[in-house]
Amino acid sequence: MTVEFTKPHIEYAQLWPVLVVFGVACIGVLVEAFLPRERRYVTQVGLAVLGLVVALGGTIGVGVHLDALKGGARGLIGAEGALAVDGPSVYLWGLVLICAIGGVLLFAERRVEGGVTVFAGQAAALPGTTAEREASTRGLEHTEVYPLVLFAVGGMMLFPAANDLIMLFVALEVLSLPLYLLCGLARRRRLLSQEAALKYFLLGAFSSAFFLYGLALVYGYAGTMEFAGIAAAVQGGASNHSLLLIGVGMMSVGLFFKVGAVPFHAWTPDVYQGAPTAVTAFMSAATKIAAFGAFLRLFYVAFGADRWSWLPMMWAVAILTMVVGAVLAVVQTDVKRMLAYSSIAHTGFLLTGMLGVQSAGDLGKGEISSLEAVLFYLTTYGLAIVGAFAVVSLVRDSGGETGRFGAWAGLGRRAPLTAGVFAFFLLSMAGIPLTAGFIGKWAVFSVALSAGAWPVVVVAIASSIVAVFFYVRFILLMFFTDAEPQGAAAVTAASPLTTGVIAVTAVATLVLGVVPGPVLDLVQHAGSFIR
């Protein structure tokens, strides 16, 4: 019996931005293998930034030419049905790449650590050993972080574009494994960093196992891996509906974990605090963007016809996430942990946005769909959180970077510009008018309200009020509280890399709050998921 092999057809013209990111990551691995140590830093930083900028330019080009595709559809199903290149996926690619560029610039910051980056010089050296001290004395730098972050970015681009279950799982693992490593590479407080990485890895492995088991059950129900086939099976009312419900629930565990939703949030504060702040900045924005993109595609395309079965789960998780995130943020005494619980609350707000009307075709004139509201919220939140963590990386005491509230007391008098910018980011995350966060919250709350989810919106508003309290309390701490006699933090002079990230994110947050129209038009132009 002869089996004929058919060459797969790959749409390189639409997928090349993703391939560029993976290609540059592979080149970065070769750089680590063959280039002398003293030349790696400049080479790796240049390669990473260049690769991400080229991929961003390519993403813009792909987005511009989506309308010109054969058949008039805004997108295509490519890579033998494994990937969907449409308006939402291209928009999410661009958003991930923008956050990744900011993250790489923060990775490359040397001035705040006295001429070296924040990453351990020799990751294999145990904390407190002679090998670690020798690596620190020699000023070694762990430049492998740049290909690692590029592999993570590649996975984040695949995740929201995945159009079948196998690609969805592969993308989840490709984006997750580099992050587990990056979280454990802090130069200072090595034990805390390694603990964070271990917790993230173990809990991530459990969540991936749930996700994979759920994937198998959904395949058993539908008999196909492709989202369109699953949607047809759901719409046709295939037998054994309980198998579908269990599969959807178990897959949701993996996705809820990645976005930090309650009750799968326990890793978030520990990892945000223990990881190098540059990694936290990148991960808090880009991972949430990619995971919500995948969440939206899976539930709207594959499981959309069974909406009334999974909506109650979304209601419950959204309410729990907002309440737990907002309440626990009030009692924190560390800036990074406060931002971590704030991130959990924002996950609840995003889940609230998912409760709205899915299709733009079902809306009245001037209204936006649930997909469009979530995309805009991801934009506003991603920019604000990257800028906020960039500021956190500059506030230091005699022991290095500090997040202790007491050390930040009176910072507004010692460094008014830095404290003012950080306060502005906090106000945006609180949803104060004239900031991007206000428009984002208005968008997700309005779509949920229009779909009849008013109880969730009531909880969301109450959680927002609680969030305003702990954000404003911290602003008062910076500007109206006397500094500690000893242990007060100061702001370290940063290089143009970190300064540029803070300036760009602050300006973007302001512009999106005052003139949100162009970006709202952009997310509306992105349209709906192709099926």
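Placing a label point 7 Å from the Cα of His241 along the Cα-to-Cβ direction, the residues of the stretch 308-338 with a backbone N closer than 12 Å are 308-310. Taking a straight Cα-Cα cut-off under 18 Å and skipping sequence neighbours fewer than 8 places away in the same chain, the aspartates and glutamates within cross-link reach of Lys7 are Glu80.
The relative contact order of the chain comes to 16 percent, based on Cα pairs under 8 Å that sit 6 or more residues apart.
The count of lysine pairs in the stretch 12-526 whose Cα atoms are under 19 Å apart, excluding pairs fewer than 8 places apart on the same chain, comes to 7. Of Glu80, Glu113, the sequence from fewest to most neighbouring Cβ atoms within 10 angstrom is Glu80, Glu113. What's the angle, to the nearest 10 degrees (0 to 90), between helix 241-259's Cα axis and the longest principal axis of the chain? Roughly 20 degrees, rounded to the nearest 10. A straight line joining the Cα centroids of the stretch 243-262 and the stretch 213-235 runs 15 Å.
From the coordinates of this entry, Kirkwood radius over Cα pairs in Å is computed, and it appears in (i) 23.4; (ii) 24.3; (iii) 26.5 under the label (i).
Since only Ala84, Ala216, Ile368 are under comparison, the one whose Cα sits farthest along the positive direction of the charge dipole of the chain, derived from C-beta charges on Lys, Arg, Asp and Glu, is Ile368. Using only side-chain charges placed at the Cβ, +1 for Lys and Arg and -1 for Asp and Glu, the dipole size of the chain relative to its Cα centre rounds to 880 debye. A simple count of charges around Val335, restricted to other residues whose Cβ falls under 14 Å of its Cβ and scoring Lys, Arg +1 and Asp, Glu -1, yields +2. Selection among Gly114, Ala290, Met250 by position relative to the dipole of the stretch 12-526 gives Gly114 as farthest towards the positive end (Cβ unit charges, Cα centre).
We did not get these values from a lab; they are worked out from the coordinates using the rules stated. Everything numeric here is computed off the predicted structure, so don't read it as measured data. When we count neighbours, we look across all protein chains shown, and the Cβ atoms used for this are built from the backbone with ideal geometry, even at glycine.
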